[in-house]
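What follows is a single structure, written as structure tokens, with notes after it.
Please treat every number below as a calculation from the coordinates, not as lab data. This structure is a prediction, so every number in the text was calculated from the model and none was measured. Cβ: placed from backbone, ideal geometry, glycine included. Neighbour counts: every protein chain shown.
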Amino acid sequence: MGQDNSLIRENGRAELSGTTATARIISPKAVVYADENMLSPLGYIANGKAITVGNPRRMNRDLVPLVIYGRLAFIEVKDIRYEDANISDDYNIKRGAPREHDVDVTIQQPEERLSENNSAYLTLHQYAAGSEVKNAFYAIEQDDKDTMGGFLLQLIHRPPNKRFFWGAGLDYSSVSTSNMSFGYWMVSPTLGYALVKSTFFTIDIYGSLDLAINSQIEIKTNSEKEPSGYIWGPQVNARLVLFPEAKYHAVGGIGIRKYSVSGYQTLKDANDMDVVGIKSVSGITMFIGLGMEFR
């Protein structure tokens with residue numbers, strides 16, 4: 001049957017290299033193991049299922065390797081019948097009768113385990129928040145400042161054999177002068193897709209529908225406190241993750257935010273006169289930071 005198979009990986013998936021063969025399950029339930037010592041059963045494959053297997057293992061000639069949901073696994077030779085024409089029927093006959101296994105579980109895909117394949121990202125960002133923020137600062141402070149800065153703490157679940165990922169983040173952004181400040185805390189449910197996946201880098205695109213859980217404008221020269229407002233809207237980003245399979249990785253990217261604002265349509269200047277406030281926040285975001293995978 002050729003030389004012993006080895007394991008290779010392409011885009012994070014396990015594959016069999018070398019000679020492979022087509023086989024069919026002949027046991028009512030054929031147990032699949034995660035190790036060659038047959039100590040960690042993953043589940044079973046039902047009778048009649050066609051599978052692709054490698055050559056019997058050198059450590060245990062009663063086992064053959066196969067790939068289940070991107071991971072290397074093992075199955076007993078007595079549970080299969082080879083269907084390739086280049087393998088003699090005599091080999092199948094000499095193996096003896098198939099054995100029925102007393103199991104009641106099915107093979108679980110690794111991405112179903114939400115406790116695994118999770119990463120945390122901490123990034124610093126900066127963006128020009130738009131003309132309405134600039135005009136509000138100029139009307140009150142005679143300063144056309146509009147650049148908001150802050151940070152994002154993001155948790156991401158990335159299934160190992162999927163390009164889609166999802167998670168959530170907590171975002172803080174603010175802009176201020178000596179007399180006036182504007183800032184918010186925002187939650188960001190996230191859904192993304194990996195355009196490119198490799199050992200050295202990953203290119204992701206992802207979006208979120210953001211909602212401020214707290215926002216505030218403060219004007220120190222005013223006797224009355226400014227009301228709290230509401231901010232919500234989408235953002236879309238593209239990022240580059242370096243060394244994504246390592247425990248720690250670097251990340252950087254660019255995106256766009258477009259938020260609607262209510263509660264700040266009218267503000268009061270230092271003379272307690274009404275001025276046009278803020279109805280929207282939008283701009284191009286740039287960010288950089290670090291990620292950590294939870295093993």
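Quick notes on this one:
- Separation in nanometres of the label points that stand 7 Å from Cα toward Cβ, at SER228 and LEU124: 2.9 nm
- Pair THR221, TYR248: separation of 7 Å Cα→Cβ label points (nm): 4.7 nm
- Label-to-label distance for GLU36 and LEU195 is 4.2 nm, based on points extended 7 Å past Cα in the beta-carbon direction.
- Per-pair calculated FRET efficiency, R0 = 45 Å: ARG61 and LEU209 via Cβ, rounded to 0.05: 0.20
- With the convex hull of its Cα atoms as the shape, the stretch 112-294 has an orientation-averaged projected area of 10.3 nm².
- Extension gain, TRP166 to SER280: 0.36 nm times the residue separation minus the Cα-Cα distance gives 38.4 nm.
- Residues of the stretch 195-221 with amide N under 18 Å of the 7 Å Cα→Cβ point at ALA238: 195-198, 201-208
- Potential lengthening between ALA50 and TYR138 on full extension [0.36 nm per residue; Cα-Cα distance subtracted]: 24.5 nm
- Cα-Cα P(r), the stretch 112-213, percent of pairs per 5 Å interval: 3, 11, 17, 19, 15, 12, 9, 7, 5, 3, 1, 0
- Within the stretch 147-174: backbone nitrogen closer than 18 Å to the VAL187 label point (7 Å, Cα to C-beta): 152-157, 166-173
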